[in-house]
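What follows is calculated from the coordinates using simple rules that are stated; it is not laboratory data. Note that the structure is a prediction, hence the values are computed from the model and not measured. When we count neighbours, we look across all protein chains shown, and the Cβ atoms used for this are built from the backbone with ideal geometry, even at glycine.
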Amino acid sequence: MAILLFTDFGAADVYVGQVELMLDHYAHGTRVIHLCNEAPAFDVRASAHLLAALATRVTRGDLVIAVVDPGVGTERKSVVLRADGKWFVGPDNGLLSVLAARSTTRQLWHILPPPEGISQTFHGRDVFAAAAGAIATDDFPNERVEGAEKLEVMLPPDDLAEIVYVDHYGNAMTGLRAAGLPREGVLSVNGHRAPYARTYGETPPGATFWYENSIGLVEIAKHGASAAQALELRIGTPVAWRG
């Protein structure tokens, strides 16, 4: 089993390393993979769609600690989800709901309230890493969880016609899944049109286009430039599909 991290902690801050230290304590020697530590900060909806797309690439039997958790320390529940043979640990705030709704098989446990003395603002380290360690060492389910029928917070699982992630190139991922969309369709965003191209090299320099990216989402790009800067794109910017 590998443990994958999907968080909005930021790769340059002190938080990811602390989670890794806790995982080393609970599940020493387990491989840790950084899936994404720049998830849309505070944005559960955008992150839920990004996570659902990335989850299609996760190997059965592996585990994802997913943390985009602006409600940490409140009454929101913490959960362990097993979906299509893959494990997910995180807050019950909608972050896991899109991938759960799209999965074929699901098992769910709520993590019982943590003991006194842990950080109220860092459940990623003190709650989720502990649960992940228990799963990785076959100490699960245990007395720290109870079975649950469903997630308490469910977001709509339909494709999201918004920007959900912008990479450092300025390419902008949407929450639209590309499979099945007609290639003659045009994406419209902020008054700009983006026709389909298979890859960058099939467009002239400076051209704006959409393509199916490596995790199956519709992505907006500009050949040799930042689409986000040129088109004023940010997380949450709506897009329109013209088939």
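The GluC sites (Glu not before Pro) of region 121-194 that DSSP puts in a loop, and whose beta carbon has at most 10 other beta carbons within 10 Å, are Glu143, Glu149, Glu184. Comparing Leu51, Leu112, Leu23 in a Gaussian network model of the chain, where Cα atoms under 10 Å apart are tied by springs, the biggest mean-square fluctuation is seen for Leu112. Straight-line reach from Lys77: taking Cα to Cα under 20 Å and skipping same-chain neighbours fewer than 8 places apart, the aspartates and glutamates in range are Asp8, Asp43, Asp69, Asp92, Glu116, Asp126, Glu143, Glu146, Glu149, Glu152. Of the GluC sites (Glu not before Pro) found in region 191-240, those in coil by DSSP whose Cβ has at most 15 other Cβ atoms within 10 Å are Glu232.
Computed per residue of the chain from DSSP H runs no shorter than four, each worth -39500 (n - 2.57), the mean residue ellipticity at 222 nm is -5000 deg cm²/dmol. Loop-located chymotrypsin sites (Phe, Trp or Tyr not before Pro) in region 94-191 (DSSP state other than H, G, I, E, B) with a sparse environment of at most 14 neighbouring Cβ atoms within 10 Å: Tyr169. Across region 69-78, coupling constants 3J(HN,Hα) worked out from phi with the 6.51/-1.76/1.60 Karplus curve, θ = phi - 60°, read 9, x, x, 4, x, 8, 7, 4, 7, 10 Hz, and Gly and Pro carry x.
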